[in-house]
Amino acid sequence: MLSSLFTAATITAAGMLPLPLPTPGDGTSSAATEPVAVSGTLDAPDGRLKRGCKDYAYAYAVTVPSDDWTLDITLQDRRGKGVNAQSQLGPNDDESGVLSYRLCRWATVPGRFTLRGVLVSYDGDRATTVEVTEHFRLRRRNL
């Protein structure tokens, strides 16, 4: 009876202990433990809302170790309302470029806009995520 209680306590305690991390000498690659260099940028100029519905643009760039990546970009107005969303996918899309979006002055609240990007780089079964944020202003055009 005492040995079964001791065994149960040992199994319970072992379940609560962290497992030791593998060391490079035990057959794992040291490259698998190194961080992956992943970064992204978004850049949009301040400007004025133009009369009617017009196209505006922003630039993006990603630095990733492989061609397997996604960049999901959302654009929100000062109230937090989404006004545009786009996705770039490697290897189909370039690692940098200029994207356009359309706004209509009558339906757009002027002020501070926020571009948010979520970059995910895939390396085999590992995924590295980086978030990018950019702010810019669009003002009403003076008549």
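Since every read-out is calculated from the coordinates, none of them should be taken as a lab result. These figures come from a predicted structure and were not determined experimentally. Cβ sites come from the backbone with ideal geometry, for glycine too, and all protein chains shown count toward neighbours.
By counting other Cβ atoms within 10 Å of each Cβ, how are ASP123, ASP55 ranked from fewest to most? Please list the in-between numbers first.
On the way: ASP123 16, ASP55 9.
Ordered from fewest to most neighbouring Cβ atoms within 10 Å, ASP123, ASP55 come out as ASP55, ASP123.
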Full extension from ALA107 to ASP55: what is 0.36 nm times the residue separation minus their Cα-Cα distance, to one decimal in nm?
-> 17.3 nm
Could you sort 61-68, 114-121, 127-134 so that the peptide with the highest average Cβ count within 10 Å comes first and the rest follow in order?
-> 114-121, 61-68, 127-134
For region 40-140, take the alpha-carbon Rg, divide it by the Kirkwood Rh, and send me Rg/Rh.
-> 1.03
